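Each value in this text was obtained by applying a stated rule to the coordinates, not by laboratory testing. Keep in mind it's a predicted model, so treat the numbers as computed, not measured. Cβ sites come from the backbone with ideal geometry, for glycine too, and all protein chains shown count toward neighbours.
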Amino acid sequence: MGRLFDLEEEGYFYSRLANPTCDAVAAKIAALEGGIGGVLTSSGQAATFLALTNICSEGDHIVSSATIYGGSSNLLTVTMKRMGIEVTLVDPDASEEELEAAFRPNTKAVFGETIANPALVVLDIEKFAKLAHAHGVPLIVDNTFATPINCRPIEWGADIVTHSTTKYMDGHASTVGGCIVDSGNFDWMAHAEKFPGMCTPDESYHGIVYAEKFGKMGYIQKAVAQLMRDLGTCQAPMNAFILNLGLESLHLRMPRHCENARKVAEYLQNHPEVGWVEYPGLPGDKYYDLAKKYMPNGTCGVLSFGLKGGRDMAVRFMDHLKLAAIVTHVADARTCVLHPASHTHRQLNDEQLVEAGVRPDLIRFSAGIEDAADIIADVEQALEAAKQSKL
Ligand SMILES: *Cc1c(COP(=O)(O)O)cnc(C)c1O
């Protein structure tokens, strides 16, 4: 027991720190991402928080893409700010010169999403990795929407990958969970002055120097030994067991999600009531070229669109859907839909909405794995009924 507590011996002694079921699932996700190790967390939010606070503390600074998940945005700009960690939100499409200006001497990490939820902005991972590395800090990418089936950010230079496993990985709205995967590529010791937590003795662990004692596994070991120990945001083993069932069909579901989303996007594009459609997998989309580069086999099942009737029409359209469910959840086997301006992002004003890449009339449509013809038939009848109800 003493040796286990001293981290001298590998083994299991308390599930908040490590559990064999959770470890098996984390190892599977790490393998899918091409990383060297990973840890499951209680939620995607916990994954983002731990991934960042494992290397940032009071007085530090983060550069993050402005187009990220609403929960991540709030975590960074409100809660972490309260903890003394500053963030600069940047336009992911800005030039390298413009992005350079966001870095400070105390910058410790760069953060972004492969495909932003719900803005569907595709991150130029190579551009962000190059910038992060030029400043001696790691790039952390939230790969929730693309999943490693469609994109492996580590192959493009990302150092750490995070997930909300609640979405496609679980795939069936069964469990909330998250995961952090480390590539093992970032050389903490080469930037020791920036990362004292990784490179100087941890007095709460008999003076262990994580980057020294555990080498490439130092980052994950620290996240577990320090943060998981103190914060307790571990994933329940039963949830990990259910998540594993989802992972077993992820490679079959993702191509179907992409195919269905593309068909719905094409249908909407040609509909007279539809003002605009955004789907990175759709030729002509602003992010089509970046999507082709980073996700040649498909992006995800989520698309967004706006109706000519605006915010009002969006609400009526959703009221008439029969197959698609109005739920907060997204990236599920079942088709689901949401109006961020009146649901997930309701705490943001119109200006902040636009900054986060969310137009007030935006409908987030998450194509499931049902028959595409059924999904389109539902959209068709709801658009017609919404139009009639307006008259
Ligand atoms: C849902 C989501 C999160 C947060 O995950 P939870 O499991 O809900 O805590 C983080 N990032 C992205 C991209 C998400 O879609």
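Positive end of the dipole of the chain (Cβ unit charges, origin at the Cα centre): among Thr144, Gln381, Asn297, the Cα lying farthest that way belongs to Gln381.
The magnitude of the dipole of the chain, with charges of +1 and -1 set on the Cβ of Lys/Arg and Asp/Glu and taken from the Cα centre, is near 660 debye. Shown for Ser42, Ser174, Ser164, Ser64: other C-beta atoms within 10 Å of each C-beta, ranked fewest to most, produce the order Ser174, Ser42, Ser64, Ser164.
For trypsin sites (Lys or Arg not before Pro), the sites in segment 3-42 that DSSP calls loop and that have at most 14 other Cβ atoms within 10 Å are Arg16. On a per residue basis, the convex hull of the C-alpha atoms belonging to the chain measures out at 121 Å³.
Sorting Leu227, Leu123 by the number of Cβ atoms found within 10 Å of their own Cβ, with the fewest placed first, yields Leu227, Leu123.
Most simply put, the chain has about 55% antiparallel DSSP beta bridges, counting only bridges with both residues inside it. Please give every one of the aspartates and glutamates within straight-line cross-link reach of Lys81, meaning a C-alpha to C-alpha distance under 12 Å, and leave out same-chain neighbours fewer than 8 residues apart. Hits, sequence-local ones excluded: Glu58, Asp60. Taking the C-alpha atoms only, the angle from helix 310-319 to the longest principal axis of the chain is near 90 degrees. Cross-link reach is defined here as a Cα-Cα straight distance under 21 Å, omitting same-chain residues fewer than 8 places apart; for Lys322 the lysines meeting it are Lys263, Lys387, Lys390.
Toward the positive end of the charge dipole of the chain, with +1 on the Cβ of Lys and Arg and -1 on the Cβ of Asp and Glu, the farthest Cα among Asn19, Gly37, Ser366 is that of Ser366.
Rounded to the nearest 5, the antiparallel percentage of DSSP beta bridges internal to segment 121-225 is 65%. In a DSSP loop and with at most 14 other Cβ atoms within 10 Å, the GluC sites (Glu not before Pro) in segment 166-228 are Glu193.
When exposed loop sites are taken as chymotrypsin sites (Phe, Trp or Tyr not before Pro) in a DSSP loop with at most 14 other Cβ atoms within 10 Å, the longest stretch of the chain clear of them is 15-391.
Against the empirical 2.2 N^0.38 Å scaling, what ratio does the C-alpha Rg of segment 69-173 come to? Spell out each step's value before the answer.
Values: Rg = 13.8 Å, N = 105, 2.2 N^0.38 = 12.9 Å.
The reported ratio for this selection is 1.07.
The ranking of Arg152, Arg359 from fewest to most other beta carbons within 10 Å of each one's beta carbon is Arg359, Arg152.
The loop-placed GluC sites (Glu not before Pro) in segment 217-268, going by DSSP, that have at most 15 neighbouring Cβ atoms within 10 Å of their Cβ come out as Glu248. Using a Cα-Cα cut-off of under 20 Å, which aspartates and glutamates could be cross-linked to Lys292, ignoring same-chain neighbours fewer than 8 residues away? Lys292 reaches Glu33, Asp93, Glu113, Asp124, Glu126, Asp142, Glu155, Glu259, Glu266, Glu278.
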